[in-house]
1. Mind checking which residues of region 270-301 are of a type in the set (Lys, Arg) and in contact with a Leu (Cβ under 6 Å, 6 or more places away or on another chain)?
2. How about region 85-113: which of its residues are at pLDDT 90 or above and either outside any loop (DSSP other than H, G, I, E, B) or in contact with a Gly (Cβ under 7 Å, 6 or more places away or on another chain) (or both)?
3. Yes or no: region 341-358 includes at least one residue that is surrounded by 12 or more Cβ atoms within 10 Å (Cβ to Cβ), modelled with pLDDT of 55 or more and over 22 Å from Ala234 (Cα atoms).
4. Name the residues in region 125-162 that are in contact with a strand residue (DSSP E or B) (Cβ under 9 Å, 6 or more places away or on another chain), among the small types (Gly, Ala, Ser) and more than 15 Å from ligand 1 (Cβ to nearest atom), would you?
5. For the subset of region 205-215 comprising residues that are out of contact with any Phe, Trp or Tyr (no Cβ under 6 Å at 6 or more places or on another chain) and either without any contact (Cβ under 8 Å) to a residue 60 or more places away in the chain or among the basic types (Lys, Arg) (or both), which member is farthest from ligand 2 (Cβ to nearest atom)?
6. For residues that are part of a helix (DSSP H, G or I) and either of a type in the set (S, T, N, Q) or modelled with pLDDT under 95 (or both), scanning just region 42-72, find the one that is surrounded by the most Cβ atoms within 10 Å (Cβ to Cβ).
7. Has region 144-151 got any residue that is touching a residue at least 12 places away in the same chain (Cβ under 8 Å), outside any helix (DSSP H, G or I) and either surrounded by fewer than 18 Cβ atoms within 10 Å (Cβ to Cβ) or within 16 Å of ligand 2 (Cβ to nearest atom) (or both)?
8. Among the residues in region 165-174, are any crowded, with 24+ Cβ neighbours inside 10 Å and either at positive phi or under 12 Å from the mean Cα position of the chain (by Cα) (or both)?
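The values are calculated or read from the model by the stated rules, or taken from the named source; none is laboratory data. Fair warning: this is a prediction, and the values are worked out from it, not measured in the lab. Note that we place each Cβ from the backbone using ideal geometry, even for glycine, and neighbour counts take in every protein chain shown.
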Amino acid sequence: MKFTPARAPLTGETLETLTARLALRGEPAFRAKQILDWLYKKRARNWSEMTSLSKPLRAWLDETFDLLPASLVLNKQSADVTDKLLLQLADQALIETVIIRVPQEGVGLDHSRKTICISTQVGCAMGCVFCASGLAGLKRDLSAGEIVAQLLHVCHLEDARTPRARTELASFDNIVVMGMGEPLANYDALICALTIVNAEWGLGFGARRITISTSGLVPKILRLADEPLGFRLAISLHGATDEVREKIMPVNKAYPLAKLIPAVKAFAEKHGRMVTLEFILIAEVNDALEQAEKLRDLARDLHAHVNLIPYNTVAGLPWQRPSITRQERFAEVLRRARISVTLRREKGHDIDAACGQLRLQTEQGRKAAI
Ligand code: SAH
Ligand code: SF4
């Protein structure tokens, strides 16, 4: 499922593809780098700012490329330091990008550590029963340019907030691919986008600070293990046995734990670093202590970090988060076994930060308005 816009997004071009495109027009080899410097380093917002380029070239660029293929329609800030951006694409589709700020001691909020959560699809086809992103199914994949554009939007917002140090390209510390969509179901666009984000001529952002989260597409996990760039991996486990997992995640039928766990192990061995197991705690679905014990055993076997996430309620869905006492009891089983575990007091509950919720509300609002 693809959307082909009238003009190609500039944010989807690599140095090689842009050089080839410009060579057809008789432009010298250095021109592509010059244009990408305007985009990623000097953060030009329109073609007229690119003053080192001739007017005819700028006119041709404008006809050929969309400089930034997404526009900001809403920036919903929450009291607890999370910003949720709603972006509109050329075909009116809506996607979400979240800025999560973790305040550092002794410095203001502007100097907090920032993690950016990006989307890879409009909707999602995986059908996890608890998730807002998948409720209306998959609308389409995002292009590489649309994935990169989310980060450039964040850069523009953050640049305005805090002046960048000269040496700093990106204005954030980590990227998590945990927004709307299943990233590994849009594999080629994802890798192309992250290659641009990582490249010296792009945002120059380290692959080790990028985490890709997947619901468990085994063949793609194995393919990811062979990528030259060493991205981090997080697995949305949410069930420590097939019985529990397949009730809430249909993907478990095709890739049950007997297939998933060896793939995660292969990835971890190749990369030599910890994989994260994400586990949403949903009351009376997966929060029993037997699940905690099974999860403990899996984490021990994989030398994995466990991230426990109290479920974020979704309007129209019946699932609830367990009480704090129950959450703590679950976490304690893992802590006692010295498993590296975090029980996330998730940021942004008050602005519907769980994936897909803001878009869903806006889409519903649009329908109501028609
Ligand atoms: N599709 C990928 C990445 C996007 S979802 C994946 O599933 O891993 C990012 C994370 O948010 C996943 O761990 C997902 O299970 C979790 N999530 C989805 N709905 C949620 C909710 N209502 N509350 C808390 N976490 C949720
Ligand atoms: Fe898709 Fe991830 Fe939501 Fe499952 S949890 S429906 S894979 S976005």
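1. Pass one, region 270-301, residues of a type in the set (Lys, Arg): 270, 273, 294, 296, 300.
Listed by number, the list holds a single entry, Arg296.
2. Residues of region 85-113 that are at pLDDT 90 or above, as a first pass: 85-99.
Selection gives Leu85, Leu86, Leu87, Gln88, Leu94, Ile95, Glu96, Thr97, Val98, Ile99.
3. no
4. Within region 125-162, Ser143, Ala144, Gly145, Ala149 meet the criteria.
5. From region 205-215, those out of contact with any Phe, Trp or Tyr (no Cβ under 6 Å at 6 or more places or on another chain) are 205-206, 208-209, 211, 213-215; that's our starting set.
Okay, now just the ones that are also either without any contact (Cβ under 8 Å) to a residue 60 or more places away in the chain or among the basic types (Lys, Arg) (or both), so 205-206, 208-209, 214.
Working: Phe205: 23, Gly206: 25, Arg208: 23, Arg209: 21, Thr214: 8 Å.
Residue satisfying both the conditions and the ranking: Gly206.
6. Kept after step one, since they are part of a helix (DSSP H, G or I), are these residues of region 42-72: 47-49, 55-64.
If we keep only those that are either of a type in the set (S, T, N, Q) or modelled with pLDDT under 95 (or both) as well, we get 48, 64.
On the way: Ser48: 11, Thr64: 13.
Taking the candidates together, the pick is Thr64.
7. Pass one, region 144-151, residues touching a residue at least 12 places away in the same chain (Cβ under 8 Å): 144-151.
If we keep only those that are outside any helix (DSSP H, G or I) too, we end up with none.
No; the residues of region 144-151 include none that is touching a residue at least 12 places away in the same chain (Cβ under 8 Å), outside any helix (DSSP H, G or I) and either surrounded by fewer than 18 Cβ atoms within 10 Å (Cβ to Cβ) or within 16 Å of ligand 2 (Cβ to nearest atom) (or both).
8. Taking region 165-174 first, the residues crowded, with 24+ Cβ neighbours inside 10 Å are none.
No - not one qualifying residue is present in region 165-174.
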